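Any read-out appearing in this document is the output of simple, stated calculations on the displayed coordinates, not a laboratory observation. Bear in mind that the values here come from a model prediction, so they are computed numbers and not experimental data. Ideal geometry is used to build each Cβ from the backbone, glycine not excepted, and the neighbour counts take in all protein chains shown.
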Amino acid sequence: MSNQTAPSVELSADTITYRLPDGTTCTVRWDTLRAVLIETSDSGPFDEDLWWILSDGDGHCLIPQEAGGEALLARLQELPGFDNEMVIAAMGSVENNRFLCWRRP
């Protein structure tokens, strides 16, 4: 039996950190966040088919929807100009696609 835990997302006032069971992390600072996208695939419902893409100046962090949960969405919705219509469109997508939810002005 494995001692690994599920992937998780930690939100702080300064950062978003995605932790994988093997200890690998991906961190994006709120003040350097440039864009928020959702990527969908046609591999659902039995495989992960929706990921958050958080882009900053150094690259991006890819977070599966299951790991981010409602807390990540709620915090992202606080970004000025966040496009909830794109979230709704992404949630209904069954194709390989990307949806831009927010971009820093």
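Below, the figures for the structure above:
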read-out	value
Mean residue ellipticity (222 nm) of the chain, computed from DSSP H runs ≥ 4 via -39,500 (n - 2.57), nearest 500	-5500 deg cm²/dmol
Modelled FRET efficiency - R0 41 Å, residue 95 with residue 13, Cβ distances, 0.05 increments	0.70
Residue 32-residue 6 FRET efficiency (beta carbon distance; Förster radius 30 Å; 0.05 resolution)	0.65
Amide proton proximity set for residue 35, modelled H, under 5 Å, gap of 5+	55, 104
The chain: C-alpha gyration tensor shape, a/c 1.5 cut-off, then a/b vs b/c	oblate
Cysteines, the chain, no other Cys beta-carbon under 4.7 Å	101
